[in-house]
Amino acid sequence: MANFFNITTELTQELVAAGDNIKVNKISLANLHASQSCNVDLYIEKKLTGKFYLLNKTLLPVGATLIYDDTEFSTSTSGFGLYIKLNKIEVGDDSPAVDVIIN
């Protein structure tokens, strides 16, 4: 079952919580903004263990879709949650807008 998110802020967002019993195999990120690129941080995190980045400051150009399929983990057994943070490229840019689909 896929999970769908529309992220339109620079605040860190929890996509999948530890213990949600979701198996993650593929993550799709699509930049929806009409004229601005953004940087994407995508990582897993576990309390007392830390953050482990799948994508770190990865540029997502206007109109682009990035498919991250080099992962396989389950939030039920690993204790890790999945998080995303979008970052503007330049000060004064509008807030980023990215659709996320997790399979």
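The values are calculated or read from the model by the stated rules, or taken from the named source; none is laboratory data. Predicted model, so just to flag it, every value in this text is computed and none were measured. Positions of Cβ are backbone-derived with ideal geometry, glycine not excepted, and every protein chain shown enters the neighbour counts. Ligands, DNA and RNA are stripped out before the accessible areas are found, and what is left, the full protein with its side chains, is counted by its heavy atoms. Shrake-Rupley method; radii C 1.70, N 1.55, O 1.52, S 1.80 Å.
Regarding the stretch 62-78, can at least one residue be identified that is touching a Pro at 6+ places or on another chain (Cβ under 8 Å), open to solvent by less than 60 Å² (accessible area, probe 1.4 Å) and either within 21 Å of residue 9 (Cα to Cα) or of a type in the set (Lys, Arg) (or both)? First the steps, then the outcome.
Residues of the stretch 62-78 that are touching a Pro at 6+ places or on another chain (Cβ under 8 Å), as a first pass: none.
No, the conditions are met nowhere in the stretch 62-78.
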For the stretch 21-50, give me each residue that is of a type outside the set (A, V, I, L, M, F, W, C), touching a residue at least 24 places away in the same chain (Cβ under 8 Å) and either outside any loop (DSSP other than H, G, I, E, B) or buried (at least 16 other Cβ atoms within 10 Å of the Cβ) (or both).
23, 28, 31, 33, 36, 37, 39, 41, 43, 45, 46
Over the stretch 86-103, the set of residues touching a strand residue (DSSP E or B) at 6+ places or on another chain (Cβ under 7 Å), surrounded by fewer than 17 Cβ atoms within 10 Å (Cβ to Cβ) and either free of Cβ contacts under 8 Å to residues at least 12 places away in the same chain or part of a strand (DSSP E or B) (or both) is 87, 88, 99, 101
Among the residues that make up the stretch 69-82, is at least one of them at positive phi and touching a residue at least 60 places away in the same chain (Cβ under 8 Å)?
yes
Matching residues in the stretch 57-84 - criterion: being of a type in the set (A, V, I, L, M, F, W, C), farther than 17 Å from residue 95 by Cβ and assigned to a strand (DSSP E or B):
66, 67, 73, 82
